């Protein structure tokens, strides 16, 4: 290597922070330094990657620029800081061993197998041909196998697999793409595949795969170990086996996700546009909600009553092997658990907890350190809308608009995720689940401790929802250990969540529409228009209160909610209406007495419950087996014809009265108007209502930014129509793109509100 004279040399120490460990950053730095003719060193520390480079001033400056602009594919560079050092001479550039110490680096999510590894995987002459655990610095497990930092093999669940000589050479060679790839393995030294079937000897590797294929073809249900937990797997085209899985899992009518063998197989069952394809084939490989293709060879039991399918492509080598023999080209791929429980990760636990669900277990001996469910997304107006942010996304952080002292926001009780924050960073956890099960609470605790370990955040403050009965809030109070616990109102947190992900600072006209949230007056809120910033909010308007009969019973029975809305609107229970027929005689009498005498009827302003009512009135869904089923099915049948007109809400001061909408729905239903037309007129009415209320707030307060959050805005029809109408009216629209609008994004909003409150010395409680 030719270098200039020492008198012309400069030396610089460069600290690079972000997702820079486990992504091939050190070999990238090594190659870049050699290309520029620089000497020095590079190493991992708990603070990030630190390089010292020495040489002529021009190449040293170029190095400082290119570590950001030319970074490896999986790297995300947050900051590059350089300081001058005295030159020390030398002609070599070396890679140092990792060191521990103070500071913080960011961990890469798990990502799908890359094209280079897939090419080796398919090459009979390659030593990793058909290896179920092939990976490199550009792909494979990260988050789910890390046990500590800095990210090196001893701090992963691969620590128990000593490298063979061939893998050791690759691991130590800076020119190899597996240089310091911590999950590196091959058939000689890596994990071993195994199939456990009751009453039979355990099969291994190719024998295990052959047995698994035979079982799937014969209509069996397999428990298959993925990156972040077990899946339950069966032939998606077999109505009988899918129905059996649904019964075993106690799934109700909630849709199953499916995995298609490849993009062509996905196109045969669903409509896939360019934006969908980019998501399906990108490094994250999430479940993408797609419109089912007419005549698709998928059992109706996969997604009963739902026009959409949740589709993903194989993202591990083992998944690839499930499709490499004649047999099903589309498989049900659902979380390995009973409904309501966390996903199973432990092998011994899988054989007990999944004993009544699976006929056999296809697993391996690489431990999963932390569970991580599949992510779920959909495309709305060519833009990604997260529904569950987990594998492929977590634990990558979100930049906060205001700094926060070390804090933990525990989220809500449904679709729970939690959020750690410190300074400008917020780390939203992977999906935890619904907090009504002891196993989920235990999973929450383990995941929280793991994320604390990876981020180095030691919370001084705990932030919760204000609902006094939320298990997440009770957990925070029980585990405070002298730390302050503050509460943030549910819908304020929803709006703060979408504001935070856009790094928006200042007041917004916020529409927080969901099913259930504890209101400041003790009622069940959910149809809220809030003039809000991180400091607080003013309730500008809300859906008129109606009785929620029987609490959860009212939620599970949309027909009851329909009749409650009719009673509140002064409309008769005409026996010709589908909702009245669905309730029947005794139930109808009980509901009448309940509403008349106000027995166990909580007042609610929930927009989600209005969706339930309209869905039932239109004859779409009367009994809900899973959250938001009635609204999802109403959206599914809604006509795309924009010329069908709209119903109209009444607005009186702060109250939004749905009575005129309900009268229009009843009139149309009794006249025989199709449910798809009723759905179109209802969605259009709601979009127009939002614009009207936004314009009223703009005229009164001078605000021009609208924020949309809450589970109702998962609805593609509503979100698209509302965004278009608001944009046409001159508003800036903030809608979710990085975190879900559901309660799965609640913790980020809690953290953002708490950050501002603590800076200003005020209280959120």
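Observations
- Checking residue 220 against (1) assigned to a loop (DSSP other than H, G, I, E, B); (2) closer than 19 Å to residue 248 by Cβ; (3) more than 30 Å from the chain's Cα centre (by Cα), the condition it does not meet: (3)
- So residue 433, is it crowded, with 17+ Cβ neighbours inside 10 Å and at positive phi: yes
- Residue in the stretch 43-53 that is surrounded by fewer than 23 Cβ atoms within 10 Å (Cβ to Cβ) and in contact with a helix residue (DSSP H, G or I) (Cβ under 8 Å, 6 or more places away or on another chain) present: yes
The rows are residues; the columns are (1) outside any strand (DSSP E or B); (2) within 13 Å of residue 409 (Cα to Cα); (3) not assigned by TED's automatic domain parsing to the domain that holds residue 151.
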site	(1), (2), (3)
436	yes, no, yes
440	yes, no, yes
449	yes, no, yes
453	yes, no, yes
467	yes, no, yes
472	yes, yes, yes
492	yes, no, yes
510	no, no, yes
526	no, no, yes
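- Scanning the stretch 271-283 for residues that are crowded, with 21+ Cβ neighbours inside 10 Å and either without any contact (Cβ under 8 Å) to a residue 12 or more places away in the chain or not in a helix (DSSP H, G or I) (or both) gives a single hit, 272.
- Residue 554 vs. criteria touching a strand residue (DSSP E or B) at 6+ places or on another chain (Cβ under 7 Å), under 30 Å from residue 402 (Cα atoms) and outside the structural domain of residue 472 (by TED's automatic domain parsing): no
- The stretch 567-587: number of residues that are in contact with a helix residue (DSSP H, G or I) (Cβ under 8 Å, 6 or more places away or on another chain), more than 18 Å from residue 542 (Cα to Cα) and at pLDDT 95 or above: 13
- Search result, residues across the stretch 335-360 that are more than 24 Å from the chain's Cα centre (by Cα) and buried (at least 24 other Cβ atoms within 10 Å of the Cβ): 358
- Some residue of the stretch 634-650 being modelled with pLDDT of 95 or more, within 22 Å of residue 517 (Cβ to Cβ), surrounded by fewer than 16 Cβ atoms within 10 Å (Cβ to Cβ) and in contact with a strand residue (DSSP E or B) (Cβ under 6 Å, 6 or more places away or on another chain): no
- Residue count for the stretch 245-270, restricted to those that are touching a strand residue (DSSP E or B) at 6+ places or on another chain (Cβ under 8 Å), under 20 Å from residue 336 (Cα atoms) and not in a loop (DSSP other than H, G, I, E, B): 6.
- Scanning the stretch 449-458 for residues that are touching a residue at least 12 places away in the same chain (Cβ under 8 Å) and surrounded by fewer than 20 Cβ atoms within 10 Å (Cβ to Cβ) gives 452, 453, 456, 458.
- Test: residue 452 is closer than 18 Å to residue 480 by Cα and either touching a helix residue (DSSP H, G or I) at 6+ places or on another chain (Cβ under 7 Å) or modelled with pLDDT under 95 (or both): yes
- Whichever residue in the stretch 78-107 is under 16 Å from residue 455 (Cα atoms) and surrounded by 15 or more Cβ atoms within 10 Å (Cβ to Cβ) and, among such residues, is modelled with the lowest pLDDT: 103
- Selection count, the stretch 584-632, where residues are buried (at least 24 other Cβ atoms within 10 Å of the Cβ) and assigned to a strand (DSSP E or B): 1
- Within the option set 332, 376, being more than 18 Å from the chain's Cα centre (by Cα) and at pLDDT 95 or above holds for one residue only, 332.
- The condition of being assigned to a loop (DSSP other than H, G, I, E, B), touching a strand residue (DSSP E or B) at 6+ places or on another chain (Cβ under 9 Å) and either under 30 Å from residue 143 (Cβ atoms) or not assigned by TED's automatic domain parsing to the domain that holds residue 149 (or both) holds for residue 37.
- Selection status of residue 118, outside the structural domain of residue 17 (by TED's automatic domain parsing), surrounded by fewer than 21 Cβ atoms within 10 Å (Cβ to Cβ) and within 38 Å of the chain's Cα centre (by Cα): yes
- Some residue of the stretch 162-178 being surrounded by 19 or more Cβ atoms within 10 Å (Cβ to Cβ), in contact with a strand residue (DSSP E or B) (Cβ under 6 Å, 6 or more places away or on another chain), farther than 17 Å from residue 364 by Cβ and not assigned by TED's automatic domain parsing to the domain that holds residue 319: yes
- Which numbered condition residue 416 fails, given (1) buried (at least 22 other Cβ atoms within 10 Å of the Cβ); (2) over 24 Å from residue 515 (Cβ atoms); (3) touching a helix residue (DSSP H, G or I) at 6+ places or on another chain (Cβ under 8 Å): (2)
- Out of 744, 694, 754, one residue alone is farther than 25 Å from residue 383 by Cα, in a helix (DSSP H, G or I) and in contact (Cβ under 8 Å) with a residue 40 or more places away in the chain. It is 754.
The values are calculated or read from the model by the stated rules, or taken from the named source; none is laboratory data. Since this is a predicted model, take the numbers as computed values, not measurements. Positions of Cβ are backbone-derived with ideal geometry, glycine not excepted, and every protein chain shown enters the neighbour counts.
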